[in-house]
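Rule-based calculations on the coordinates, nothing more; no lab input. Computed from a prediction, not measured in an experiment: that's the story for all the values here. Here Cβ is always computed from backbone atoms with ideal geometry, including for glycine, and neighbour counts include all displayed protein chains.
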Amino acid sequence: MSSYNQSNIRRLAKFLFYVTTLALLALPVLFIVACTQTEMLTEWLRETYSDYRLPDVISSTKFASILAIEAIGVFLTLFVLWQMRALFALYMSGETLTERCAKRILRIGQGLVAVGCVSFFSKTIVVLILTFHNPPGQRTLSISFGDGDLGFLLAGALIVVIGWVSKEAARAAEENKAFV
Amino acid sequence: MEIIVRLDVMMATRKIKGKDLAARIGITEQNLSLLKSGKVKGIRFETLAKICKELECQPGDILEAAETD
């Protein structure tokens, strides 16, 4: 690998390492703050699920259930950010084509696929929770597949493939090292 | 059948030090040492050609195929 390319990788990896660290710290704080803002959350729920017949008052039990479901998505996003941070730390130290990097890339891809799946199922469950106590005939089971879900799934699957390819590249690089 | 590296013999014949040969062929002294001890998976034609040029010899003077016990 050329030294110019390596210095570019190190420079960008250093910047992204700090960005992911900041996001890792900010995301849980923002989520916890958002959990305490019930009025804002109610507004957000009514806007997001405006196509469905929502109850006039959303009970605290429903709120807690919805937040628990959203927390799964947040937790998975934190997992992906943690893996990204670890990968950028490796790139910063000059380690690129190794088994350790490939493993991190693979986990990032798997994490993104999981985020896409959770995002897909969480909408269905949230709508079900919100309309569960509606009179019979007004309860809704909604199954929708948005651009965002597809984006996460495709990006995740692509990164999983890149992870496998990186594993092969790491093996080839290791073998190449044994040649003089 | 195994390949035995006779580089140390050739270097002694030509009276050249490992440090000098490594510098001339553009590899590290550590890699040259690994090559001399046969602790490498292989040698690139490019490296072999440079060694042959510096030591004024043929690949057969450096590498030898021998029966394993």
Taking chain A and counting helices only, DSSP H stretches of n ≥ 4 at -39,500 (n - 2.57) each over all residues, the nearest-500 ellipticity at 222 nm comes to -28500 deg cm²/dmol
Most fluctuating residue of A:136, A:28, A:55 in a GNM of chain A with Cα springs under 10 Å: which is it? A:136
Under unit Cβ charges (Lys, Arg +1; Asp, Glu -1), what dipole magnitude, rounded to 20 debye, does segment A:18-122 have relative to its Cα centre? 440
Using every pair of alpha-carbon atoms in segment B:2-66, split the distances into 10 Å bins beginning at 0 and state the percent of pairs per bin, rounded to integers. 22, 65, 13
Rounded to whole angstrom, the alpha-carbon centroid of segment A:1-36 lies from that of segment A:53-84 at a distance of 23
Neighbouring Cβ atoms within 10 Å as the yardstick, rank B:67, B:54 fewest first. B:67, B:54
Separation in nanometres of the label points that stand 7 Å from Cα toward Cβ, at residue A:12 and residue A:90: 1.7
Treat the protein assembly as shown as a sphere of radius equal to its Kirkwood radius over Cα pairs and apply Stokes-Einstein at 4 °C in a medium of 1.567 mPa s; give the translational diffusion coefficient in µm²/s, rounded to a whole number. 55
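Relative contact order (percent) for segment A:3-177, with alpha-carbon contacts under 8 angstrom and 6 or more residues of separation?
27
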Just want the answer: with Cβ charges of +1 for Lys and Arg and -1 for Asp and Glu, which residue in A:94, A:154, A:20 is farthest toward the dipole's positive end in segment A:3-177? A:94
Once the Cβ-Cβ distance between residue A:69 and residue A:3 is put in as r, and R0 is 51 Å, what FRET efficiency do you end up with, to the nearest 0.05? 0.60
Out of A:95, A:47, A:70, a Gaussian network model of chain A with alpha-carbon springs under 10 Å gives the largest mean-square fluctuation to A:47
Pop the C-beta distance of residue A:51 and residue A:22 into the FRET formula with R0 = 35 Å and round what comes out to the nearest 0.05. 0.50
